[in-house]
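Inspection log for the structure reproduced underneath, given as structure tokens.
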Amino acid sequence: MVTDTKIPQQQKYVTQKVIVLDGAGFGSLVTTNRNIAELLQYQPGVAATVLSRNDANWGSYGGLGPKYNSYLLDGLPVDGFVDTMSLDPWAFQRIETHQGPASVLYSNYLSMDFAGVQAPLAGITNLVLKDRIDQPVTHVIVGGGSWNTLNTRFYHQDHKGRLHYFFGANYEQSDYTNYGTTDSWLNILENPSYKKTKLYGKATYFLGGDGHKISLFAQHTIHDGFAGRQNRDFNHGYDTINAVYSNEVNEVLTVQLKTGFRNYDRRWGEDNYPASLELRQHEGVQQKIFPTDLTFNFRHSTNSVLTVGADSQYAMYSTYAEAAGPRSMGNDATALSGGMFVQEKYVSGNWVLRVGGRFTRTSNSYKLIGGVLPGLRQQAWNKVLWSGGARYNVSPRFAVYSNVGTSFIPPAAKSVAGTLAVTDRGVQGRHGQLPNPALRPESGIGSDFGADAHFPNGAVLGVRVFYNRINDAIVDNVVSTTPSQAISVNAGRAHSYGFEIPYEQDLTDRLHVFANFTRTATSIKNPIDRDQDGAAITFVPNYVANAGLQMRLPRGVTLIPALHAVGTYFDSTSISGRRQFGPYQTLNVRLEKTIASADDHTVVLFTDFNNVTNRKYEMPWQFRDPGFNVFGGLDFRF
């Protein structure tokens, strides 16, 4: 069952390819940088590029860059850069990755930080929270590893009558290590230590049956440390709230009202390196986003569903600097969007047909740009989007499907206003985003076609072909590495196409294997700028390959090796100024030994061997993987 129309649906009635990761299996997946994106890195089409334990993922999805896959928390949008670092996956029942341009039911996410607005053109990733609790469970991990890393995780769930709840905490500290390239702008001189604390919980009250309920989820994350020099401290705080009311009024009508709050408060110190290590100033970003969604589902004709609804978002974004005097504001902007959507999914025999549309209005208001009143105070866009799809279930074991849809991304405030002044270009010590007030919005169309086959021997084999086209693509170009500076530009018409081939099989009751391969080709056509004409879309590797197995050995031992291989990609659409990264391969191995097992408790000793071959490959903005490391501990369940 997956949340295709915002209500549970069987996968055979879904037009797009949906990959489901069950929360019970998260423990077998190695997350070297503690980022949710790493849970997905062995799936076809995903190239996770997590810069460090203190930084975001800049990987690609389905042949497009990181901002073209929307992340959702129980159907409400979250940030694919920040919240994947902040949220704790122990709160999730499962993770669904809906591949391809199939959804008009979800809006863009109005983030103005990192790569800006995020759209579901390449797909969506829905982080589904636990809801109904069947039995009480307590889960504790105590572990440690390389770089004096210490970690403790706690989780408890239970129910009392109609009230079902869970809560948990996660604390980690580490001396960490140098994650910058030689002579990089990061200039890490000491171990860049950090402390990260996550507190979260959810309560669901069933007003009557499974379909009538109200729930509240909240998480608070504190991430403190320093980035390798005495005056480059950072203090980040993140808050996430989801409130949901859902009611299956009858066999036909389901009503859902969801609202939330996302708070991002990042503050860090900057020094005068290389002239001196003295503190220059503290800088910060504050962002608050309020998403709301109201959806009505009408079931008809047995398995058909008509979905209608409306959603909105309000975002506040500001940047500031604190030196010896009072705080000075840099950028101060707000964004507001409202949308209405309708989708019909009609099931007739072996056919599943889907068509939908969305009207969206987005407006941005700029109070301050670079600390001064801007000439452009407000921008607004109206856009109609559409999507369609079809699936034919040839037999219970074989199906073919196809989808097509459009997207629209207005330029975010950070892209327009930057975090630096125009005069800061090339100035040592001034790291950040340069402004580009001439940015135009981008629009895109995507399509895919695929087939899935389930064989009698338990093998599952598929193929998916995709094609995406984006007009006036907004991409982040690295214009300087020392200092680290980027600028958002319109890169003409961009194309991305390729294919994915996934395979998995239970060879025996003790051996599960998987492998997948994704081949992608991208290009940009911009006859006005020869330096961009023929360039590749940034951060998208030309191939991604994964292979692994899970082997249960005698005496309670489980061995889980997984190989992740990434081809070449670039950090800029400037042919003369871009840098090439890859290819590289990383091998992670997890080893588990059950040392106690009974009906009411289990104790497992585990060790994660990360980057076994010690590949210290370079990533964008002069980050690099720190190489081989180990993490292990005891896992208690009772």
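Condition first: in a strand (DSSP E or B) and loosely packed, with under 14 Cβ neighbours inside 10 Å. Now tell me which residues in the range 368-385 satisfy that. Listed by number, the residues that qualify are V372, Q378, A380, N382, V384. Do we find a residue being of a type outside the set (D, E), under 16 Å from the mean Cα position of the chain (by Cα), closer than 20 Å to S496 by Cα and assigned to a strand (DSSP E or B) anywhere in the range 13-34? No; the residues of the range 13-34 include none that is of a type outside the set (D, E), under 16 Å from the mean Cα position of the chain (by Cα), closer than 20 Å to S496 by Cα and assigned to a strand (DSSP E or B).
Can we say N393 is over 23 Å from Y497 (Cα atoms), in contact with a helix residue (DSSP H, G or I) (Cβ under 9 Å, 6 or more places away or on another chain), in a loop (DSSP other than H, G, I, E, B) and not β-branched (V, I, T)? Answer is no for this residue.
Exactly one residue out of G27, G80, G75 is closer than 28 Å to T558 by Cα and of a type outside the set (S, T, N, Q), and it is G27.
Where strands (runs of 3 or more DSSP E) sit wholly within the range 170-266, those with at least 3 residues that are among the acidic types (D, E) occupy 233-248. Are there any pairs, at least 6 apart or on different chains, whose C-beta atoms fall under 8 Å, with the first in the range 54-77 and free of Cβ contacts under 8 Å to residues at least 40 places away in the same chain and the second assigned to a strand (DSSP E or B), and if so, which? Correct list of pairs: N57/V50.
Checking R440 against (1) touching a residue at least 40 places away in the same chain (Cβ under 8 Å); (2) within 26 Å of H98 (Cβ to Cβ), which test does it fail? So the condition that R440 fails would be (2).
Checking the condition buried (at least 21 other Cβ atoms within 10 Å of the Cβ) and among the basic types (K, R), which residue from R327, R358 passes? Explain how you work it out, then say what you get.
Details: R327 fails: buried (at least 21 other Cβ atoms within 10 Å of the Cβ).
Matching residue, one of R327, R358: R358.
The set of residues from the range 135-169 being under 30 Å from H601 (Cα atoms), in contact with a strand residue (DSSP E or B) (Cβ under 7 Å, 6 or more places away or on another chain) and not in a strand (DSSP E or B) comprises P136, S146, N148, R162.
The residues of the range 195-210 that are over 22 Å from the mean Cα position of the chain (by Cα) and buried (at least 20 other Cβ atoms within 10 Å of the Cβ) amount to a single one, T204. Here T362, T307, T302, T295 are screened, and the one residue that is within 30 Å of V14 (Cα to Cα) and part of a loop (DSSP other than H, G, I, E, B) is T302. Restricting attention to the range 598-638, which residues are touching a residue at least 60 places away in the same chain (Cβ under 8 Å) and of a type in the set (V, I, T)? V630 - this is the single residue of the range 598-638 that is touching a residue at least 60 places away in the same chain (Cβ under 8 Å) and of a type in the set (V, I, T). With respect to Y42, determine if the residue is over 25 Å from I188 (Cβ atoms), under 15 Å from the mean Cα position of the chain (by Cα) and in contact (Cβ under 8 Å) with a residue 12 or more places away in the chain. Considered against the rule, which asks whether it is over 25 Å from I188 (Cβ atoms), under 15 Å from the mean Cα position of the chain (by Cα) and in contact (Cβ under 8 Å) with a residue 12 or more places away in the chain, Y42 comes out as yes.
If I filter the range 122-134 for residues that are buried (at least 18 other Cβ atoms within 10 Å of the Cβ), modelled with pLDDT of 95 or more and assigned to a loop (DSSP other than H, G, I, E, B), do I get at least one hit? Yes. Candidates T334, T295: the one that is of a type in the set (S, T, N, Q) and more than 22 Å from A417 (Cα to Cα) is T295. Taking the criterion of being under 24 Å from S86 (Cβ atoms), buried (at least 18 other Cβ atoms within 10 Å of the Cβ) and among the hydroxyl-bearing types (S, T, Y), the residues of the range 1-53 that qualify are T3, T31, T32, Y42, T49, S52.
Of all residues in the range 459-483, exactly one satisfies the criterion of being in contact with a His (Cβ under 6 Å, 6 or more places away or on another chain) and of a type in the set (K, R), namely R469.
Which strands (runs of 3 or more DSSP E) sit wholly inside the range 466-549 and have at least 3 residues that are at pLDDT 85 or above and touching a Phe, Trp or Tyr at 6+ places or on another chain (Cβ under 8 Å)? Steps first, answer last, please.
Working: elements: 474-480, 485-490, 493-508, 511-525.
Output list reads 493-508, 511-525.
Residues of the range 304-337 that are touching a residue at least 24 places away in the same chain (Cβ under 8 Å) and among the aliphatic types (A, V, I, L, M): V305, L306, V308, A310, A315, M316, A321, A323, M329, A333, A335, L336.
Please go through the range 561-614 and pick out each residue that is hydroxyl-bearing (S, T, Y), in a strand (DSSP E or B) and under 28 Å from the mean Cα position of the chain (by Cα). Let's see the steps before the verdict.
Of the range 561-614, the ones hydroxyl-bearing (S, T, Y) are 568-569, 572-574, 576, 584, 586, 594, 597, 602, 607, 613.
Now narrow it down to the ones that are in a strand (DSSP E or B): 569, 584, 586, 594, 597, 602, 607.
Y569, Y584, T586, T607 - these are the residues of the range 561-614 that are hydroxyl-bearing (S, T, Y), in a strand (DSSP E or B) and under 28 Å from the mean Cα position of the chain (by Cα).
The values are calculated or read from the model by the stated rules, or taken from the named source; none is laboratory data. Quantities reported herein were computed from a predicted structural model and do not represent experimental measurements. Backbone-built Cβ (ideal geometry, glycine too); neighbour counts: all protein chains shown.
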